[in-house]
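Quick notes on the structure that follows.
The values are calculated or read from the model by the stated rules, or taken from the named source; none is laboratory data. Quick caveat: nothing in here was measured; it's all calculated off a predicted structure. No Cβ is skipped: glycine too gets one built from the backbone with ideal geometry, and neighbour counts run over all protein chains shown.
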Amino acid sequence: MSLFTQSAAWVSDEHRMFADMANRFYADELVPNIERWVEQGIVDRSFWHTAGQAGIMGGATPEEFCGAGGDMGFEAITIYQQTRTGDCGWGYGIQSIVTHYITAYGTEEQKARWLPGLASGEIVGAIAMTEPSTGSDLQAVRTRAEKDGNQYRINGSKIFITNGQAADLVITVAKTGDAGGSKGISLIVVEPDKCEGFSRGKNLKKLGMKANDTSELFYEDVKVPLTNLLGDEEGQGFYQLMNQLPWERLLIAIQALGAIDFALEQTVAYTQERKAFGQRVMDFQNTRFKLAECKTKAEVLRSFVNDCIARLIDGTLDAPTASMAKYYGTEIQNEIMHECLQLFGGYGYMMEYPIARLYADARVQMIYGGTNEIMKELIARSIDL
Ligand SMILES: Cc1cc2nc3c(=O)[nH]c(=O)nc-3n(C[C@H](O)[C@H](O)[C@H](O)COP(=O)(O)OP(=O)(O)OC[C@H]3O[C@@H](n4cnc5c(N)ncnc54)[C@H](O)[C@@H]3O)c2cc1C
């Protein structure tokens with residue numbers, strides 16, 4: 001199983017070669033480490049450098065900023081091939097989002113400063129929107145950035161931040177003005193090693209995605225230069241966030257597809273091997289029908305995802321359509337993990353079988369990146385004009 005559908009017109013020979021290369025890279029460098037990273041609650045820092053050297057990251061970063069200069073299809077492949085191994089610990093999804101923000105809104109100076117490191121793994125990125133008192137209602141953020149001479153002074157806190165322990169660069173959503181609602185919000189880049197007053201809480205214990213570090217972040221009079229405002233105009237943060245939604249949401253659907261393909265492969269192998277009542281578990285009609293249902297849903301998602309990638313590349317993917325991909329992809333991911341685990345019987349509940357981990361990992365996909373209820377609200381708004 002591959003990311004690509006037979007008829008996907010966006011796929012070139014370069015994309016196929018890149019997928020093969022990424023597949024080999026993950027088999028050699030990532031798969032042997034998955035269980036250890038789960039135990040330690042974080043991916044080795046050295047893996048970021050290894051991935052950078054192998055050319056896995058920055059597929060769509062312009063060549064002048066040390067990227068590969070390709071289209072977003074390359075980023076889609078990096079994400080799919082990772083989750084196709086059963087891994088969701090390496091936080092490249094967020095790195096890709098951060099890279100995309102800086103590419104889209106950064107000044108030339110900011111791009112030159114940060115994009116090369118994000119492509120090489122020298123810099124690990126995070127994006128800090130959610131706060132203890134607000135998640136879905138992003139306009140209600142309380143973190144403030146006050147102008148103080150040629151600096152911003154930032155106060156507030158964030159929660160559930162992916163790559164929070166490892167991050168060297170945190171795009172921070174903060175209020176910069178007194179304008180209410182969306183108008184007073186800006187994105188400010190905080191580099192933890194370069195400023196005082198920034199601290200990280202402990203690596204949070206989660207139900208799944210245990211190798212992916214998630215943290216609270218605290219800002220106490222954190223001072224950053226005014227030039228760390230992303231872009232050159234204050235108050236554009238909400239608009240910048242909204243414009244990036246298509247990739248953020250499609251990315252989660254691609255992660256869902258990769259995990260589904262891995263789970264189905266594992267489940268087919270197990271049910272062909274396992275015997276009950278003198279026959280293979282695969283030979284029960286229930287097993288065959290369940291797998292047929294799961295496979296059908298996976299192929300519907302694959303087609304939709306390929307269509308969305310093509311539209312992302314040509315600039316026509318809108319936020320409601322990407323929200324449909326995120327909503328549908330993560331719902332069927334959870335349904336399929338549930339069915340696959342059941343077909344493993346008691347072994348499916350044991351952590352030594354990857355299906356148990358995949359089942360737990362899937363749950364949060366319906367929550368982060370905008371909950372599925374928020375996805376449905378956005379989709380509904382596009383219908384009820
Ligand atoms: C593992 C993990 C990683 C994460 N990584 C990041 C990250 O890197 N950066 C970041 O900024 N955030 C991150 N988050 C936060 C995540 O995006 C939020 O948890 C999510 O947006 C929901 O916000 P909330 O938790 O405050 O829930 P709430 O907004 O309090 O929602 C609670 C419930 O109410 C529902 N609800 C809320 N509003 C509506 C509405 N209008 N209509 C219908 N139902 C509604 C929600 O759907 C949900 O079911 C992460 C979260 C997790 C668990």
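Key figures
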item: Evaluation of Ala167 against (1) in a strand (DSSP E or B); (2) within 10 Å of the ligand (Cβ to nearest atom) (one fails), failing number; result: (1)
item: Check on Ile127, modelled with pLDDT of 95 or more, touching a Leu at 6+ places or on another chain (Cβ under 9 Å) and under 15 Å from Phe238 (Cβ atoms); result: yes
item: Unmet requirement for Met209, which otherwise passes all of (1) at pLDDT 95 or above; (2) within 16 Å of the ligand (Cβ to nearest atom); (3) out of contact with any Cys (no Cβ under 8 Å at 6 or more places or on another chain); result: (3)
item: Leu312 vs. criteria of a type outside the set (D, E, K, R), part of a loop (DSSP other than H, G, I, E, B), touching a helix residue (DSSP H, G or I) at 6+ places or on another chain (Cβ under 9 Å) and crowded, with 17+ Cβ neighbours inside 10 Å; result: no
item: Residues within the stretch 89-127 that are assigned to a loop (DSSP other than H, G, I, E, B) and more than 10 Å from the ligand (Cβ to nearest atom), tallied; result: 8
item: All positions within the stretch 273-308 that are surrounded by 15 or more Cβ atoms within 10 Å (Cβ to Cβ), farther than 30 Å from Leu251 by Cβ and hydrophobic (A, V, I, L, M, F, W, C); result: Val281, Met282, Phe284
item: Output for the stretch 221-246, where each listed residue is closer than 17 Å to Lys111 by Cβ, of a type in the set (A, V, I, L, M, F, W, C) and in contact with a helix residue (DSSP H, G or I) (Cβ under 6 Å, 6 or more places away or on another chain); result: Leu230
item: Members of the stretch 220-240 found to be closer than 19 Å to Asp178 by Cβ and either within 16 Å of the ligand (Cβ to nearest atom) or part of a helix (DSSP H, G or I) (or both), listed by number; result: Leu226, Gly237, Phe238, Tyr239
item: Given (1) assigned to a loop (DSSP other than H, G, I, E, B); (2) at negative phi; (3) modelled with pLDDT of 95 or more, number of the condition Trp48 does not satisfy; result: (1)
item: In the stretch 179-199, the residues that are in a strand (DSSP E or B) and either modelled with pLDDT under 95 or crowded, with 18+ Cβ neighbours inside 10 Å (or both); result: Ile185, Ser186, Leu187, Ile188, Val189, Val190, Phe198
item: Meets criteria (assigned by TED's automatic domain parsing to the domain that holds Arg200, under 30 Å from Thr267 (Cβ atoms), within 15 Å of the ligand (Cβ to nearest atom) and not basic (Lys, Arg)) for Thr130; result: no
item: Boolean, Gly370 is within 15 Å of the ligand (Cβ to nearest atom) and assigned to a loop (DSSP other than H, G, I, E, B); result: yes
